[in-house]
Amino acid sequence: MSARVQLEGLHKTFGVDGHAAPALSDVSLEVHAGELLCLLGPSGCGKSTLLNIVAGFLPPTRGRVLVDGAPVTGPGPERGVVFQEYVLFPWLTVAQNVEFGPRLQGAPAERCRAIAARYLHMVGLSEHAAKFPVQLSGGMKQRVAIARALANSPSIVLMDEPFGALDAQTREVLQEELSRIQRVEHKTIIFVTHSIREAVYLADRVVVLNRAPGRIKEIFTIKLPEARDRFAPEFTRYESEITRLVKEEVARVHE
Amino acid sequence: MSTVTDLVQWGLRGASLPRRRALALRLGVVLAFLALWSLASGLVVLLGLFNPIFLAGPWLVLGKVWELALSGELWGHLGATLERVAVGFTTGALLALALGLPAGQWRAVRNLLEPIVEILRPIPPLAMLPLFIVWAGIGETSKVAFITYATFFPMFLSTVHAVQQVDPLLLRAAASLGARRPQLFFRVVLPAALPEILTGIRLGVALSFFVIVISEFIGAEQGLGYLINDGRNFFLVPQMLGAAIVLGLLGYAGNALVVRLGRHWLRWERP
Amino acid sequence: MIRTLALPAALLGWATVTYGNRALEVMNPALLPTPGEVAAVTVALARDGSLARDVLVSSGRIVAGFGLAAVAALALGLAVALYAPARLAVEPLVEFLRPIPPLAFLPMFLVWFGLGETSKVAFIAYTTFFPMFVAVTASLLRVDVMLLRAAASLGATRRDLLRRVVLPAALPGIVVALRLGFGLAIFVIVGAEFMGADAGLGNLIMEGRVFFNPAQIVMGALLLGVLGSLVNGLLVALERRALGGRALR
């Protein structure tokens, strides 16, 4: 239930000629099936643009994206997306949001309900199934969004700074939940973040992007046990190593 | 007058009164208004200020409404007005949706309709009423068609705007869950646009009561507007004020109905 | 681009339909005036001076009625916003009168004030007062309490708060309220002039009906549309100028 993603020579330029601003420059990368890959970089490095291209929301200026060998031409249900702004459908209840995908595929109502119940249980929101999104806190909304993406059984999940708008405590709790869910589901996940701690905590590999135009600077493989300890010395070592690299980049931009 | 302490605590709204006191105050104001009105009309009679038929007291007005209701005359006029409004407004709303939804969705449709709307919209609808009478005569058709015409524009424009301003992120979210074009329209665009469409419909309801009156002034044998104008010809002030109040009640009920429907359909908007 | 093309496109559409109808006689051609006929009526009425008189008479009524209502709405709105009990007292009355379509009171005004200028001016003032009053009050009440707190903690007195915070913060909303009232004035002047007036654009349109001259009706309607959009454009420009980026919409 997980797929391989290949990015081949992606370029992306915004604006019309004359004022063209390159956002991505020659990004090639292979995401293995079942791995959680973090895209890390300062704001404006093009990491969200990269994710939007994989999602099929934006076409690349050059290059292409392959999912299990098939080129991406637009959004599709095999690539679930979790947005930073949650983007729940405000007119649907929590449960109806989660079963939105299966309903579109025409699954019988009974089955949709069962799927929604299962994923709401997974994110710990069974009791809030009948509420509307306005009645939820930010952390709860993002849990619903994750359940909605997973309930559609995608082979790839794309997450665009999903915990960026949450407070520090909620953020850590949701990181732990995501890592627990991933140990069960083994999806291919591309996760965009600007938090080094978050990347080291979640990722199998961390891709550090350069700024303006975005290109890959370095790829770290995080060899840490599945259930990670944020205070272990190895954890801190990865953190400081990546921090040094990113600081160089920020300093370079400010020169 | 609010002090600085009040202002920084509650802003200009002031502290809210306890429910019961607020209600008592409202009731008191309405009673005071009626009392003042009675007093004024009484004084006119007592002091012989001017011909008392010009300022009928509230009891005379309410009595006239009661009398018209008992004799059954009121219901005929009320029914005639309601029927015209219902048919004219419904046609206007259906037209506004049938044209506004595609116009919001597709630029080509918008470009086709825009010139016509842009040129007709600034013209006060009442200015077109005589044209409707010239075209369709003085009967029902011209009245109903005129309400349709007058209510169409605000409802059409709010529908177009509602569709255009649907958050693209919602469309992205649905597309990445596998929604195709018709599904995007029916499951995302329509529900997301509903609040603003309903606002336009409320405006349309208000507008249809607004304009029906004048088309009933001009050549009608029935309707609340006719009742008012008939009262004017014979200086029947209680009849004029009574019919105006009944019209107000109708408008109020129409608005309340839409608000109620909206509250049901839009319950997801309230925390 | 589209907007500049809208006018010629609509004119072309009108000409096509009306001259086409003249040639094919789908409908009685007298009922569908052509642009040429409308232009002819305009020239004729402009020559004998009656057009200028009608425009002036209508404008005068609008300006007087709207002006009275605007002053009253501003004064009362301010009073009601600053003194909460007054608001609670006025609210039920406004709620009572507002759902009654103002045109329903037009004959009442004619009975009370006669067929002359007074009834028309008073009627426009009555009609435009309520929406302006409600909108002015709302925009004053909407002023963010955090702005008041920020100013007070910088040492503002009550007078400063009203002059330097409340009024400027509410200004964009107040300007929109005035624009709304003006639009409504143009809306109802037509109705007021239908009923027993001897001059004004509404009377001109009604004459077109009585003497079966559809071209004159169309001319009056178009003229009102043009006048309305001109004044509205002027008001929007003034608003931009006065408020800069703070103008609403």
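Going through the range B:187-198 one residue at a time, which ones are within 11 Å of another protein chain (Cβ to nearest Cβ) and either over 13 Å from A:R103 (Cβ atoms) or surrounded by fewer than 18 Cβ atoms within 10 Å (Cβ to Cβ) (or both)?
If the condition is that a residue be within 11 Å of another protein chain (Cβ to nearest Cβ) and either over 13 Å from A:R103 (Cβ atoms) or surrounded by fewer than 18 Cβ atoms within 10 Å (Cβ to Cβ) (or both), then B:L190, B:P191, B:A192, B:A193, B:L194, B:P195 are the ones that fit.
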Any idea which residue in the range B:1-56 is nearest to C:T157 (Cα to Cα), counting only those that are in a helix (DSSP H, G or I) and either touching a residue at least 24 places away in the same chain (Cβ under 8 Å) or among the basic types (K, R) (or both)? B:R13
Taking the range A:96-123 on its own, how many of its residues are buried (at least 23 other Cβ atoms within 10 Å of the Cβ) and small (G, A, S)? 2
If we keep only residues of the range C:210-230 that are in contact with a helix residue (DSSP H, G or I) (Cβ under 7 Å, 6 or more places away or on another chain) and of a type in the set (V, I, T), then the residue farthest from the other protein chains (Cβ to nearest Cβ) is C:V218
Selection from the range B:60-81 of residues that are surrounded by 21 or more Cβ atoms within 10 Å (Cβ to Cβ), within 24 Å of the chain's Cα centre (by Cα) and aliphatic (A, V, I, L, M): B:V61, B:L78, B:A80
Could you list all residues from the range C:2-31 that are within 10 Å of another protein chain (Cβ to nearest Cβ), assigned to a loop (DSSP other than H, G, I, E, B) and out of contact with any Phe, Trp or Tyr (no Cβ under 9 Å at 6 or more places or on another chain)? C:N28
Any helices (runs of 4 or more DSSP H) falling wholly within the range B:77-178 and containing at least 1 residues that are over 24 Å from C:A185 (Cα atoms) and at the interface with another protein chain (Cβ under 8 Å from one of its Cβ atoms): B:107-120, B:129-136, B:168-175
Among the numbered criteria (1) facing chain B (nearest Cβ under 7 Å); (2) surrounded by 15 or more Cβ atoms within 10 Å (Cβ to Cβ), which single criterion is violated by C:G173? (1)
The lone condition A:I156 fails out of (1) more than 16 Å from A:L29 (Cβ to Cβ); (2) crowded, with 18+ Cβ neighbours inside 10 Å is (1)
Considering the range C:43-91 alone, what residues qualify as being surrounded by fewer than 18 Cβ atoms within 10 Å (Cβ to Cβ) and hydroxyl-bearing (S, T, Y)? C:S50, C:S59, C:Y83
Only one of (1) more than 9 Å from chain B (Cβ to nearest Cβ); (2) hydroxyl-bearing (S, T, Y); (3) surrounded by 14 or more Cβ atoms within 10 Å (Cβ to Cβ) is not met by C:T118, so which one is it? (3)
Qualifying position, being at pLDDT below 95 and either touching a Pro at 6+ places or on another chain (Cβ under 6 Å) or surrounded by 20 or more Cβ atoms within 10 Å (Cβ to Cβ) (or both), among A:P60, A:P77: A:P60
Exactly one of B:R107, B:R121 is free of Cβ contacts under 8 Å to residues at least 24 places away in the same chain, of a type in the set (D, E, K, R) and surrounded by fewer than 20 Cβ atoms within 10 Å (Cβ to Cβ), and that one is B:R107
Pairs needed: first member in the range C:77-94, within 16 Å of C:L171 (Cα to Cα) and at the interface with another protein chain (Cβ under 7 Å from one of its Cβ atoms); second member anywhere, part of a helix (DSSP H, G or I) and of a type in the set (V, I, T); C-beta distance under 7 Å; at least 6 residues apart or different chains. C:A81/C:T137
Consider the range C:150-173. How many of its residues are touching a residue at least 12 places away in the same chain (Cβ under 8 Å) and among the basic types (K, R)? 1
Collect the residues in the range B:15-49 that are over 29 Å from the mean Cα position of the chain (by Cα), more than 10 Å from every other protein chain (Cβ to nearest Cβ) and surrounded by fewer than 11 Cβ atoms within 10 Å (Cβ to Cβ), keeping them in residue-number order. B:P18, B:R20, B:L46, B:L47, B:G48
Kindly establish whether A:Y201 is within 14 Å of chain B (Cβ to nearest Cβ), in a helix (DSSP H, G or I) and of a type in the set (F, W, Y). no
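With A:D229, A:D167 as the choices, which residue is more than 22 Å from A:S48 (Cβ to Cβ) and either modelled with pLDDT under 95 or among the β-branched types (V, I, T) (or both)?
That would be A:D229, the only listed residue that is more than 22 Å from A:S48 (Cβ to Cβ) and either modelled with pLDDT under 95 or among the β-branched types (V, I, T) (or both).
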Is there a residue in the range C:195-203 that is more than 24 Å from C:L103 (Cβ to Cβ) and surrounded by fewer than 19 Cβ atoms within 10 Å (Cβ to Cβ)? no
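The values are calculated or read from the model by the stated rules, or taken from the named source; none is laboratory data. Here the structure is a predicted model, which means the values were calculated and not measured. Here the Cβ is made from the backbone with ideal geometry for all residues, glycine too, and neighbour counts use every protein chain on show.
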